[in-house]
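Reading through the structure tokens given below for one structure.
The values are calculated or read from the model by the stated rules, or taken from the named source; none is laboratory data. Just so we're clear, the structure is a prediction, and the values are computed from it rather than from any experiment. Using ideal geometry, Cβ is built from the backbone for each residue, glycine included, and neighbour counts are taken over all protein chains shown.
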Amino acid sequence: MAVSREYREYVLEQMGRVLPVTAQSMFGGVGIRSEGVFFALISGDAVYLKTDDTNRPDFEAAGMAPFDPYQDGRVMLSYHELPAEMLEDPDVLRPWLQNALDVARRKRKPAPRKPRRG
């Protein structure tokens with residue numbers, strides 16, 4: 001889903017109050033990284049954060065749905081929508097972003113090892 005320029009700027013500004021973030025347009029949406037780690041995305045006018053069993057219950061308790069990129073019920077359980085009001089307050093937003101970043105770091109595949117010479 002397309003992301004408006006205004007919403008993209010708003011999200012990045014609000015997240016930037018908590019963590020250093022960069023954004024990259026991708027597949028009609030926006031991928032968000034912090035310190036080189038992909039941990040969030042924007043699709044339409046919604047933000048989705050990386051989830052696993054450690055933080056998914058928080059999203060489910062808030063009634064937030066998993067990312068449905070094709071809007072056909074084939075959801076990605078590894079990303080859940082952030083409650084919109086969380087973007088308003090950096091102190092409230094901080095643990096949600098930090099937990100998503102921690103999940104992304106754990107899920108990150110290590111770089112392939114280079115073969116030794118000799």
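For every residue, the table says whether it meets (1) within 14 Å of residue 102 (Cα to Cα); (2) over 11 Å from the mean Cα position of the chain (by Cα); (3) free of Cβ contacts under 8 Å to residues at least 40 places away in the same chain; (4) assigned to a strand (DSSP E or B).
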{"position": "10", "(1), (2), (3), (4)": "no, yes, no, no"}
{"position": "20", "(1), (2), (3), (4)": "no, yes, yes, no"}
{"position": "24", "(1), (2), (3), (4)": "no, yes, yes, yes"}
{"position": "40", "(1), (2), (3), (4)": "yes, no, no, yes"}
{"position": "73", "(1), (2), (3), (4)": "no, yes, yes, no"}
{"position": "80", "(1), (2), (3), (4)": "no, no, yes, yes"}
{"position": "85", "(1), (2), (3), (4)": "no, yes, yes, no"}
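Which ones in the range 80-118 are of a type in the set (Gly, Ala, Ser), modelled with pLDDT under 95 and on the phi < 0 side of the Ramachandran plot? Passing the criteria: 84, 111. Among the residues of the range 50-64, is any under 12 Å from the mean Cα position of the chain (by Cα) and either in a helix (DSSP H, G or I) or aliphatic (A, V, I, L, M) (or both)? Among the residues of the range 50-64, not one is under 12 Å from the mean Cα position of the chain (by Cα) and either in a helix (DSSP H, G or I) or aliphatic (A, V, I, L, M) (or both), which makes the answer no. Please verify whether the range 45-65 includes one or more residues that are on the phi > 0 side of the Ramachandran plot, touching a strand residue (DSSP E or B) at 6+ places or on another chain (Cβ under 8 Å) and free of Cβ contacts under 8 Å to residues at least 60 places away in the same chain. Scanning the range 45-65 turns up no residue that is on the phi > 0 side of the Ramachandran plot, touching a strand residue (DSSP E or B) at 6+ places or on another chain (Cβ under 8 Å) and free of Cβ contacts under 8 Å to residues at least 60 places away in the same chain. Residue 69 falls short on exactly one of the conditions (1) at pLDDT 95 or above; (2) surrounded by 15 or more Cβ atoms within 10 Å (Cβ to Cβ); (3) not basic (Lys, Arg), and that condition is (1). Taking the stated definitions as given, is residue 6 surrounded by fewer than 18 Cβ atoms within 10 Å (Cβ to Cβ) and at negative phi? For residue 6, the condition - surrounded by fewer than 18 Cβ atoms within 10 Å (Cβ to Cβ) and at negative phi - is met. Here the range 24-45 is the region considered, the condition is being out of contact with any Ser or Thr (no Cβ under 7 Å at 6 or more places or on another chain) and crowded, with 19+ Cβ neighbours inside 10 Å, and the residue that is farthest from residue 106 (Cα to Cα) is 43. Hey, does the range 53-62 have a residue that's among the aromatic types (Phe, Trp, Tyr), out of contact with any Ser or Thr (no Cβ under 8 Å at 6 or more places or on another chain) and crowded, with 20+ Cβ neighbours inside 10 Å? No; the residues of the range 53-62 include none that is among the aromatic types (Phe, Trp, Tyr), out of contact with any Ser or Thr (no Cβ under 8 Å at 6 or more places or on another chain) and crowded, with 20+ Cβ neighbours inside 10 Å.
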